[in-house]
Structures are given as C-alpha cells and as structure tokens.
Amino acid sequence: MNDASQLPVAVDIQPGEDIAAFLQRVADANYLDFPVLTGHRRTARVWENPGHHLLARLASITGVTVERLRAATLQGAYPGMALGRARTGRRYAGQPATCPRGCIDTVAARLNLVVLCTNCEELFIDRLDPTPPPAPARIRHVHREVMATLAATTSSQSARDRLRRLESLMAEVELALWRNWPPRFDGETQLWRTRAVRWVDRNVITGRYTIARPPSITATLLTLTWDASADRATAEAMLDDIAIMADPWDPDAQEMPDWRNPLDARDGLLDLLENLGIQARHVPSILRLTDDPIILPEHHRTHRTAEALALTALASQAHGTPMTIAAAASVHAADSSSRAQRVATRLLDNTHALRRLAVHADRLHSAGLLDRAQARAELRGIQRLPSSALRDIPRGGGERIDREVAAAWVWLDATVGRPAGGPHPSRATADIMDFDTALDPETKLHLRAWWQDRLASSSDLVTADESASPADATEESRDAG
C-alpha cells in the first residue's frame, strides 16, 4: 500500500498487543490483505525489530504513534533480551502460541519463555500441541516470577544473567528428563511428566529434526529449573546432577559389587584395580561401552569423561601414587571442562558411582589392557594418515579415503577416547561418524593393524633406548652430530 493517508477505519492498539496482531486487525477492518498493508507476509518477523521507516509509514496510516508501535515489537518491549537463544529468546515465527480462550495476541507471546496468556493465565497452545492438559498451579507461580524478571531485563544485569543460566539449565535438563527425575514439582502429576518425557524422547532424543517446543513442554522445563537459575552456585550444582542423569546406561545389578557405603566401595574398587593390573595409563579419556558410537552423543560426554577421570585417579592410587582429578586430566593430555572435573570429584564419594566404575574396570580388563597414554602420545601428531597405511586396503578403497578423517578415526579407535587431545579435536562429529559407518569390517581391521604396528614399533624403540648403555648413548650422540 503506497498511500500514506490515514485509513478509513481507525483501530487502536491494545495494551501489550503484538504489532503483527494489531496490523492484522487493521487490515481486516479495512478489507486489506496483510502484505498489502505492510509490504510483508503475516509470517515475516515484522514483529521483532522493524525499521524506523516502516514504523513511520504505519504510524501515518493507522494514526498510532511510532513510539506505541515500537513498544509493540519484541525488541521494543524487551530490549535487554538475547532474542537468538533457543529457549528464552524469540519463538519460531511459523509456530506462534495463542490463547485457547481467544485473548489478544501479545508481544510477550513472541518469547518461548512466555507459556501462559498474560491476560488470563491459560496455558498457550500451538499447532503441535493444540489440546494440552490443564497446567499445574506451580507453573502459574513460576510464570509470574518469570514475567517480573523479563520486565527487569532492560535495566538489570542480574535479571539478564538469570535468564542466561535458565537457558543452559532448560537445554540440558531436557536430555536428562525421566519419569521420576528431576523430582516432580508441586502439583505436577505423573501423567503430565510422562507426557513430557514421551514428547522429548520422540522429538528430541530420537527425532531427526529439531523442532520448536510446544508451550506445555517449555512450561515443564521452565518450572523444573527456575529455582536453580537463581544463582550461579545452585545452577552449577543442578548442571552437575543433569550431567549424571543424562547418561542412560544402567549396569545390570548382577554386574555390580555389593558395596554398601562410599568407604567400602572405594576400598573395594582400589583392590579391584590393583588385582586387575589397571593403571592410570590404561584408562581412556572417556569411558565408552562396546555398543556405543565412536563419538558419544554430546549429553553423555560430561559424565563419561568424569568417570574416566575418576577411574584414572583411583587406578593411580591403587598402585601407590595418589593423584588428584586435575592430575588425571593432565594424564589424559586433553581438555576437560571444570564441570567434568567437578562431577568426577563427586563420583569418588558416591557408592553407586563407585560400583558403576567397578563395572567399567571389569570391561576394560576383559577387552584387553592397552597403554592408552602411549597411544595418545604417539598418534596425536598424525594429522593425515600416511599413504603407506592405505596401500593394502582391500578393493582399492584407500584412494577414496579422506586421510585427515582417517587420522581422526585411528586416534579414536586406538585411544578409545575423545577427539580432545587428538590430531583433529574440532573436526565435525558427523564427518567421523559417517566415515566409521562407511568403513567395511575388513578395512577397519586393516587400519587397526596399522596403528597397532605403529604402537608396537614405538614401544620397541623406547625399550631399546632404555636398555642402551651410557657409552652407547654417547656414541649415538656423536654420530648424530
């Protein structure tokens, strides 16, 4: 619409109304299409941060001031918000949330974090979840505090910090959501929780595509984490709990020793490690199971890395050289987060965690002990697998192999660890996973034989150097000179 004169039918904007909803009412009252009125599609993000030129034109034809129109946009209403965040930022434009009672669409509803109608406090609905059950009362109490925090983000750094912590907590608890953990909040029924768990499992954990969370799911995650977001220490403690609960592996009870308390469990595990001959150098930088992928899903890594750190420290102690968790991280020669190290420290004082580490130790021993520290030291510098390693691969497959990805795969196969510390620590996980999937068993055996020969040759050289007499070493130095 090019005419800058005021429209025949004037419509006033409601308090808190979303600008796009207001403009739709203006268009309907004047028998216009939304794109004709605004120059944009209804699903465009005209509601987020429209330019001054557009707002000035809309003000001239609607009679509503630029200031009032700006206040009806997301950036205008919440200038302190980080709108790009997945759970506390803007809602997906193609999946708006609406009030089932037909209240006006508010600018607040453009935020994922707003799950109740700000007019009637009814749980929002969307196209993925059009008929959710009634929201537990606790959600309403939390939502009022959330709205107060949102209003404070304009001037309060602490409010913005809390939302940042909340974003992390909501993202992580989603992947650690069980029917009985975290403990159900006041008024939450088992039906409500089971519904959320099933949705997350179907659409997030096993789903192929990332989709926007319906308001009922966001409401669950929000209410479970809101209190913990209050300060950094409480948030970190919950994140550590989440790291443990996100790992779904639960050993068979018959595999686990019958230790009753942390002291007995620790003593028993130290004896087991000594008897099995497991030393710090034998422990990988992450504990993978036989059926696990070559790179664990991200939400499993913190706990399994922490378990590797704890087992490394205990293995060292079992053989007479006590070691801190930080020292264990140095043995792994790979970055490990402060969170993983905090979790590892917690595991050392937990009976169930120590019993679980005993199962890991038995499985490491059954698979055959290998000096993983030597493997890490020998292979971390090989950024491209040499052509000689691919020369005898069956059916000429070596010509099609990406030698950098192959080097990353060899590192993971030999160290049974993480990409961290290896030749390509930042390589895309998908590249290595696809490479692993594409390898036939015969080629895997060939690559495995190559790194085994490499490590054996390196070990022989070290043994020869150690057995050389001082006179021999002097002669070698002269020859080298």
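Restricting to segment 126-140, name every residue that is exposed (fewer than 15 other Cβ atoms within 10 Å of the Cβ) and more than 24 Å from GLN95 (Cα to Cα).
Result: ALA137, single match.
Results for (1) more than 14 Å from the chain's Cα centre (by Cα); (2) without any contact (Cβ under 8 Å) to a residue 60 or more places away in the chain, shown as yes or no for each residue.
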| position | (1), (2) |
| --- | --- |
| TRP249 | yes, yes |
| GLU255 | yes, no |
| ASN261 | yes, no |
| LEU269 | yes, no |
| ARG281 | yes, no |
| SER285 | yes, no |
| THR290 | yes, no |
| PRO293 | yes, no |
| THR302 | no, yes |
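Only helices (runs of 4 or more DSSP H) whose full extent lies in segment 210-280 are considered here, and the ones with at least 3 residues that are surrounded by fewer than 21 Cβ atoms within 10 Å (Cβ to Cβ) are 232-245, 262-276. Note on segment 317-346: residues that are in contact with a helix residue (DSSP H, G or I) (Cβ under 6 Å, 6 or more places away or on another chain), in contact (Cβ under 8 Å) with a residue 60 or more places away in the chain and open to solvent by 50 Å² or more (accessible area, probe 1.4 Å) total 1. Screening GLN95 against (1) at pLDDT below 95; (2) out of contact with any strand residue (DSSP E or B) (no Cβ under 9 Å at 6 or more places or on another chain); (3) open to solvent by less than 50 Å² (accessible area, probe 1.4 Å) leaves a single unmet condition, (2). Scanning segment 148-162 for residues that are touching a strand residue (DSSP E or B) at 6+ places or on another chain (Cβ under 9 Å) and surrounded by fewer than 15 Cβ atoms within 10 Å (Cβ to Cβ) yields no hits at all.
If the condition is being in contact with a Cys (Cβ under 8 Å, 6 or more places away or on another chain) and either open to solvent by 30 Å² or more (accessible area, probe 1.4 Å) or not in a loop (DSSP other than H, G, I, E, B) (or both), then segment 112-122 contributes ASN119, CYS120, GLU122. Looking across segment 52-91 at every residue that is without any contact (Cβ under 8 Å) to a residue 40 or more places away in the chain and touching a Lys or Arg at 6+ places or on another chain (Cβ under 8 Å), the one that is most open to solvent (accessible area, probe 1.4 Å) is identified as GLY84. Of the residues making up segment 130-147, none is hydrophobic (A, V, I, L, M, F, W, C) and farther than 18 Å from LEU224 by Cα.
The values are calculated or read from the model by the stated rules, or taken from the named source; none is laboratory data. The shown structure was predicted, so the numbers you read here are calculated from the model rather than taken from an experiment. Cβ atoms come from the backbone with ideal geometry, glycine included; neighbour counts cover every protein chain shown. Quick note on the areas: whole protein, heavy atoms, side chains included, nothing else; ligands and nucleic acids left out. Shrake-Rupley method; radii C 1.70, N 1.55, O 1.52, S 1.80 Å.
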